[in-house]
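Chemist: Before we start, here is the structure in question, set down as C-alpha cells.
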Amino acid sequence: MSPQKVSVEERLFSLVLTLVATESGLTKSEILSSVQGYNSRYREGGDNSALERQFERDKDDIRELGIPLETVEDPGDRGNNQSLRYRIPKTAYDLPSDITFSPQEMALLRLAATVWREGSLSADSRRAIMKLRTLGVEADDPLVGFAPRVRTREAAFEPFEVALERSAVVNFDYLKPGETEPTKRVVEPLALVQFHGRWLLHGHDRGADAPRTFLLSRVIGRPRVTQLGFTRRGTDYASHAIDELQKIWDRNLAELDVLPGTDAWVRLSKREDTRRTESGHLLVHYSDTALLADELAGYGPEVRVVSPPRLVDAVRQRLRVTFDAHASAVHGGEVDARD
C-alpha cells in the first residue's frame, strides 16, 4: 500500500510545529523519520536522498515565509552536516506579548488567510496560516469548516514537483514571449524556486544541452512526467538559480514616470528595491521585460516608461494591440464610431 499523499502546506506545518516544540532541535534523520509528510517514506538505513532533497526545499520555503529556522552545530562534531540540529526558537516566533486574540478572532483570521492562500501574496498568506495554526485555532471551530479554498498556483507545479522527487525527465510545451506557438521542451528538473512571487523551474534542457529556467505561467497544458530517470550532479541548484535571477533583477532597471496617488503609484512604489529620482520618477528593478510590460500596459495612462528603449517598445506594442482590438470591435460590429 502506497503512503498517503500529504500536501505541501500540511508537511510544512508539521515541520514547523515539530521544530517549535523542541528546544534542542532535531537532526535531519530525526526529522525525516518522525515528521508527518516524511516519515511514511523514510527507510531506516536505506536510500533517503529524495526525502533529503525535499527537506532542503522545505527549509528554503520556511525561511522564505519569514520563519526563523536555525541550525545548531554539535560541539563535539563540528563540520559534520549530518549532526546539525534544526530548530525554530519559540521566542522569535511568538507574537508580541501585548497582542492577543479571542478564539473567534483567531478563527476569522484563519478564515481570511485561507481564502487568501496561494494568491499573488501567497508567501504572506501561508505564513499567516502557519502562525495561526501553531498559536492554536481549535479544529472544531465552526468557521473553519466553511473556509473556502482559492488556488491560483500554476497547474504545472504539481507535475514538476513529482518529477523532482523521482529525478524523472519531464516534457512540456512552453510559450516564449513574442512567439505564437509553444515549443516542446524535454528537461531534467533540478529545482522549483519562487522569485518575487512567481514560480520557476530550473533544469537542464536536453534540447539546448544547457541549463535553463522556465516561468511556470508560460507552460502550456499539463507537463508529462516520463519514466526516464537522470542523475543529479550537485545539490545547491535552487540557490544557484536564485542567484542568477537576482543578478538579472539587479541588472535590469526601468525609469518610470508614474502619476502620484494612482493605483500604479501605490503598487510600483512598494516594489522591492524601488527608489525615486530627484525628478520624482520611479526606478524599478525587474527580471523579465515581457512580464513588466504586461503589468505597465495594464495601468494605461497612469504610467509612462522613460527607459530602457526595449521596455518602451514592449509597452507600446501591447497598447497598440489593445487599441487595434477595440477599434476593430467598434468599426466591425454594430456600433459605428460616428454614432
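Chemist: Put +1 on the Cβ of every Lys and Arg and -1 on every Asp and Glu Cβ in the range 149-213; which of ALA163, ALA208, THR183 then has its Cα farthest towards the positive end of the dipole?
Modeler: The Cα lying farthest towards the positive end belongs to ALA163.
Chemist: May I ask you to give the percent of accessible area on the range 189-339 that is carbon plus sulfur, with a probe radius of 1.4 Å?
Modeler: Working: 4560 of 9150 Å².
Taking all protein chains in place, the range 189-339 shows 50 percent carbon and sulfur surface.
Chemist: Using 0.36 nm per residue, how much length does the chain from ARG267 to ARG166 gain when fully extended, once their Cα-Cα distance is taken away?
Modeler: Working: separation 101, 0.36 × 101 = 36.36 nm, distance 3.96 nm.
In short, 32.4 nm is gained.
Chemist: Still on this model: Obtain the nm distance between the two label points defined at ALA50 and ARG318 by a simple spin-label model: each point lies 7 Å from its Cα along the Cα-to-C-beta direction.
Modeler: Computed distance between label sites ALA50 and ARG318 equals 4.0 nm.
Chemist: How much length is gained on full extension from SER7 to THR71, taking 0.36 nm per residue of separation minus their Cα-Cα distance?
Modeler: Details: separation 64, 0.36 × 64 = 23.04 nm, distance 2.49 nm.
Between SER7 and THR71, full extension yields 20.5 nm more.
Chemist: I would also like to ask the following. Would you mind checking which residues have amide H under 5 Å from THR27's amide H? H placed 1.01 Å from N; only 5 or more apart, or other chain.
Modeler: TYR86
Chemist: Return the aspartates and glutamates within reach of LYS90: Cα separation strictly under 17 angstrom, same-chain partners fewer than 8 residues apart disregarded; answer none if there are no such residues.
Modeler: GLU23, GLU70, ASP98
Chemist: Would you mind working out the accessible area per residue for the range 207-339, using a 1.4 Å probe, and quoting it in Å²? Please list the in-between numbers first.
Modeler: Working: 8600 Å² over 133 residues.
I get 65 Å² per residue for the range 207-339.
Chemist: Within the range 261-291, list the residues whose amide N lies under 20 Å from a label point set 7 Å along Cα→Cβ of ALA210.
Modeler: Residues 287-290 fall inside that zone.
Chemist: Of all accessible surface on the range 1-62 at a 1.4 Å probe, what whole percent is carbon and sulfur? Let's see the in-between values first.
Modeler: Values: 1460 of 3100 Å².
Ligands and nucleic acids excluded, carbon and sulfur give 47 percent.
Chemist: Could I have the simple spin-label model distance between THR183 and SER307, label points 7 Å from Cα toward Cβ, reported in nm to one decimal?
Modeler: 3.1
Chemist: So, one more: In nm, what is the difference between 0.36 nm times the number of residues separating LEU84 and GLN227 and their Cα-Cα distance?
Modeler: Numbers: separation 143, 0.36 × 143 = 51.48 nm, distance 3.48 nm.
Extending this stretch completely gives an extra 48.0 nm.
The values are calculated or read from the model by the stated rules, or taken from the named source; none is laboratory data. Since this is a predicted model, take the numbers as computed values, not measurements. Note that each Cβ is placed from the backbone with ideal geometry, even for glycine, and that neighbours are counted across all protein chains shown. Heads up: the accessible areas ignore ligands, DNA and RNA and are worked out on the full protein's heavy atoms, side chains in. Shrake-Rupley method; radii C 1.70, N 1.55, O 1.52, S 1.80 Å.
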